[in-house]
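Everything on this sheet refers to the single structure shown next.
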Amino acid sequence: MDLFNKKNYDFIGIGDIVTDAFIKLKEATVEKADDSGYKKICMRFGDKIPYEEVIIIPAVGNSANASVSAARLGLKTAFVSNIGDDYYGLECLNVLRQEKVGIEFVKINKEKKTNYHYVLMFGAERTILIKHEEFDYEMPDIGEPRWIYISSLGENSLDFHSQIEKYLKDRPNIKLAFQPGTFQMKLGREKLKSIYERSDAFFCNREEAQKILEVSENDPKKLMQMLQGLGPKIVAVTDGPSGAYASDGNKAWFLPMYPDPKPPINRTGAGDAFSSTFTVALALGKGPEEALMWGPINSMSVVQKMGARAGLLKQEELLQYLKNAPADYKPRLI
């Protein structure tokens, strides 16, 4: 089969692509969480702040990471995105080619810049300075892939979401995975109501669930019930080192995190690895309980490497980790 025949794709990611510049800080402090639950990283204002190094990683972003993840796990994969006609855009395309991700749906925008973000690293955590270029989003004809995976897009993408919604309405056999990014959460669940309702699988972390639902509820099971009230058939909510949860509307499960072989280097991309791997497992015919066991393994691997892509596993590697999992690495009903 021709990899780049749009009729053959198993998985197509839709979202913005970005180059990340990781800046490893030497001097900073972290304040305790405030009433909202957020911690703050603090540096001396107006001073010269030393840093250890800068590491540039092209071709990342939620859906780009998911597309690479799906390709490494063995699915025929393509990506819908926008880049500028600059060095960073060309670099992103080259990475996608190397990862065997179809690039025929990536639009090159003349006189535009490719998205470029700055990641402030302190320890294993990060704070990201983001800026999405205002591209003219258009939904291309991508055929009928088995799964579409939507995540982070720019603030001016509301009409694009409507185009995606119409595309999916006309092709009811396509399954949809939705992992809302920063601006999609900012748009609000009402403006993206049809996307939520159409989702076969939905992913976020516990804090994002609270933001989407505009509630202070902390119980992941209750949060999943409320999220499923928006329409998604399967919901998965991650809770960092505390583990992950999933629900199919009838049953709900909790799974502890897969143990880290050594302290994490950086947590960037852990959520994307979980969500995309869970989706790939569903695409391969696994049920949500088994898919829940796949996701944290790729997250564990990703945080052992710098950036969101380097640690993504191939299917045989993931299955080996699953085979060697601790005895307590099993979903339990909640």
Practice item. For the chain, build the convex hull from the C-alpha positions and give me its volume per residue in Å³. Key: 140
Check your understanding: Amide H to amide H, which residues 5 or more places from Ser81 or on other chains are under 5 Å from it, using H placed in the peptide plane?
Key -> Val106, Lys107
Revision key, fill the gap. Sequence order, the stretch 235-243: Karplus ³J(HN,Hα) from phi using 6.51 cos²θ - 1.76 cosθ + 1.60, θ = phi - 60°, Hz rounded, Gly and Pro as x, gives 10, 10, 10, 9, 9, x, x, 6, x
Practice item. Give the relative contact order (percent, whole number) for the chain; include only Cα pairs under 8 Å separated by 6+ residues. Key: 16
Revision key, fill the gap. For the chain, the charge dipole (Cβ of Lys, Arg +1; Cβ of Asp, Glu -1; about the Cα centre) points to a positive end, and the Cα of Ile130, Ile12, Ala244 closest to that extreme belongs to Ala244
Check your understanding: Between the stretch 190-218 and the stretch 275-308, what is the C-alpha centre distance in whole Å?
Key -> 20
Review point. When the chain is fully extended, how far beyond the present Cα-Cα distance does Met185 get from Glu214, taking 0.36 nm per residue of separation?
Key: 9.4 nm
Practice item. Show the residues, 5+ positions off or on another chain, whose built amide H is closer than 5 Å to the amide H of Tyr118. Key: Ala21, Leu129
Revision key, fill the gap. Phi angles of the stretch 54-69, converted by Karplus (6.51 cos²θ - 1.76 cosθ + 1.60, θ = phi - 60°) into ³J(HN,Hα) in whole Hz with x for Gly and Pro, give 10, 10, 9, 10, x, 6, 10, x, 3, 6, 5, 4, 4, 5, 5, 4
Practice item. Just name one of Asn109, Gly37, Ile83: the one whose Cα is farthest towards the positive end of the charge dipole of the chain (beta-carbon charges, Lys/Arg +1, Asp/Glu -1). Key: Gly37
Check your understanding: Given the stretch 264-319, what whole percent of its Cα pairs are spread farther than 15 Å?
Key -> 39
Point to revise | Share of carbon and sulfur in the accessible heavy-atom surface of the chain [1.4 Å probe, %] | key: 50
Review point. So what are the ³J(HN,Hα) numbers for the stretch 84-91, from phi and the Karplus equation (6.51, -1.76, 1.60; θ = phi - 60°), rounded to whole Hz, Gly and Pro as x?
Key: x, 8, 10, 4, 5, x, 4, 4
Review point. Which distance in Å, rounded to a whole number, links the C-alpha centroids of the stretch 9-41 and the stretch 53-87?
Key: 17
Review point. How high is the FRET efficiency between Glu31 and Lys166 when r is their beta carbon distance and R₀ equals 30 Å, given to the nearest 0.05?
Key: 0.05
Exercise for review: Give the whole-number value, in cubic angstrom per residue, of the convex hull volume spanned by the C-alpha atoms of the stretch 178-276.
Suggested key: 96
Review point. At a Förster distance of 30 Å, what's the computed FRET efficiency of Glu125 paired with Lys193, Cβ-Cβ distance as r, to 0.05?
Key: 0.35
Check your understanding: If you put +1 on each Lys and Arg Cβ and -1 on each Asp and Glu Cβ, how big is the dipole of the chain around its Cα centre, in Debye rounded to 20?
Key -> 600
Practice item. Tell me which residues come under 5 Å, amide H to amide H, from Ile334 once H is placed; ignore anything under 5 positions away on its chain. Key: Ala252, Trp253, Phe254
Exercise for review: Give me the accessible area per residue for the chain, probe 1.4 Å, as a whole number in Å².
Suggested key: 47
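The values are calculated or read from the model by the stated rules, or taken from the named source; none is laboratory data. Everything numeric here is computed off the predicted structure, so don't read it as measured data. We place every Cβ from the backbone using ideal geometry, glycine too, and count neighbours over all the protein chains shown. When the accessible area is computed, the model is the full protein with side chains, heavy atoms only, and any ligands, DNA or RNA have been set aside. Shrake-Rupley method; radii C 1.70, N 1.55, O 1.52, S 1.80 Å.
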